[in-house]
1. Looking at this structure, is Tyr123 surrounded by 15 or more Cβ atoms within 10 Å (Cβ to Cβ) and more than 30 Å from Lys2 (Cβ to Cβ)?
2. Has the range 59-72 got any residue that is assigned to a helix (DSSP H, G or I), exposed (fewer than 13 other Cβ atoms within 10 Å of the Cβ), within 18 Å of the chain's Cα centre (by Cα) and among the polar types (S, T, N, Q)?
3. Give the residues of the range 73-93 that are surrounded by 17 or more Cβ atoms within 10 Å (Cβ to Cβ) and of a type outside the set (A, V, I, L, M, F, W, C), sorted by residue number.
4. Looking at the range 1-24 only, could you name the residues that are open to solvent by 90 Å² or more (accessible area, probe 1.4 Å), assigned to a loop (DSSP other than H, G, I, E, B) and either within 29 Å of Ile116 (Cα to Cα) or modelled with pLDDT of 85 or more (or both)?
5. Would the range 44-52 turn up any residue that is open to solvent by 90 Å² or more (accessible area, probe 1.4 Å) and either of a type in the set (A, V, I, L, M, F, W, C) or more than 27 Å from Asn118 (Cβ to Cβ) (or both)?
6. For residues that are of a type outside the set (D, E, K, R) and within 30 Å of Leu45 (Cβ to Cβ), tally how many sit in the range 81-125.
7. Among the residues of the range 25-40 satisfying the criterion of being polar (S, T, N, Q) and closer than 30 Å to Tyr14 by Cβ, which is modelled with the lowest pLDDT?
8. Which residue pairs have Cβ atoms closer than 7 Å, lie 6 or more positions apart in sequence or on different chains, and pair a first residue in the range 97-125 that is touching a residue at least 24 places away in the same chain (Cβ under 8 Å) with a second residue that is open to solvent by 70 Å² or more (accessible area, probe 1.4 Å)?
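The values are calculated or read from the model by the stated rules, or taken from the named source; none is laboratory data. Since we're looking at a predicted model, the values are computed, not measured. All Cβ positions, glycine included, derive from the backbone under ideal geometry; neighbour counts span all protein chains shown. What goes into the accessible areas is simple: the full protein's heavy atoms, side chains included, and nothing from ligands, DNA or RNA. Shrake-Rupley method; radii C 1.70, N 1.55, O 1.52, S 1.80 Å.
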Amino acid sequence: MKKNYTDDKTGINYTLVGDVYLPNLVLADTNYPIGIWGQRHKEYLKENHKQMYYNLLTQGKLNSYFHDVDVRAKEMYDTLIKQLAENEGITEQLKAENQMFWVQRMNNIANRAREIVNIEIIYTV
């Protein structure tokens, strides 16, 4: 008997183990890193949308879904920080002249950007 066998109809590969051919199953979802935004969305789904969470889990798409949410949220947050700082005239020159005022304004901008990302991406389905 051959050690490996491929079914022509399904395209599934099998490996001989003992006297039985077992399918070579590979998990489709890879182990992507999930950042803080993805973790927040995960907690939101687990608490408020359990059916969606378990559907993603059983389909093997959970990790990639949270990774995508994390990437979108991080990009949106970074873009908002840059745009808001530019619109309000927060510059490196201001940072050099008045550091405390610059920190105060940047913290304000970061808080607003965080709220927008939470509303638009994290706490929605």
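1. On the way: surrounded by 15 or more Cβ atoms within 10 Å (Cβ to Cβ): no; more than 30 Å from Lys2 (Cβ to Cβ): yes.
When the stated conditions are applied, Tyr123 does not pass them.
2. Residues of the range 59-72 that are assigned to a helix (DSSP H, G or I), as a first pass: 59, 62-72.
Now drop any that are not exposed (fewer than 13 other Cβ atoms within 10 Å of the Cβ), which leaves 59.
With the extra rule that they be within 18 Å of the chain's Cα centre (by Cα), the set shrinks to 59.
The next check asks that each one be among the polar types (S, T, N, Q); those that pass are 59.
So far as the range 59-72 goes, yes, one or more of its residues are assigned to a helix (DSSP H, G or I), exposed (fewer than 13 other Cβ atoms within 10 Å of the Cβ), within 18 Å of the chain's Cα centre (by Cα) and among the polar types (S, T, N, Q).
3. Passing the criteria: only Tyr77.
4. Applying the first criterion (open to solvent by 90 Å² or more (accessible area, probe 1.4 Å)) to the range 1-24 yields 1-5, 8-9, 19.
Pick out the ones that are also assigned to a loop (DSSP other than H, G, I, E, B) and you get 1-3, 8-9, 19.
Correct list: Lys3, Asp8, Lys9, Asp19.
5. No, the range 44-52 has no match at all.
6. Start the filter on the range 81-125 by keeping residues that are of a type outside the set (D, E, K, R), which leaves 81, 83-85, 87, 89-91, 93-94, 96, 98-104, 106-111, 113, 116-119, 121-125.
Narrowing the set further to residues that are within 30 Å of Leu45 (Cβ to Cβ) leaves 81, 83-84, 107-111, 113, 116-119, 121-125.
Of the residues in that region, 18 qualify.
7. Our first condition is that a residue be polar (S, T, N, Q); within the range 25-40, this holds for 30-31, 39.
If we keep only those that are closer than 30 Å to Tyr14 by Cβ as well, we get 30-31.
Numbers: Thr30: 68, Asn31: 78.
For the range 25-40, the residue satisfying everything is Thr30.
8. Ile121/Arg72; Ile122/Arg40
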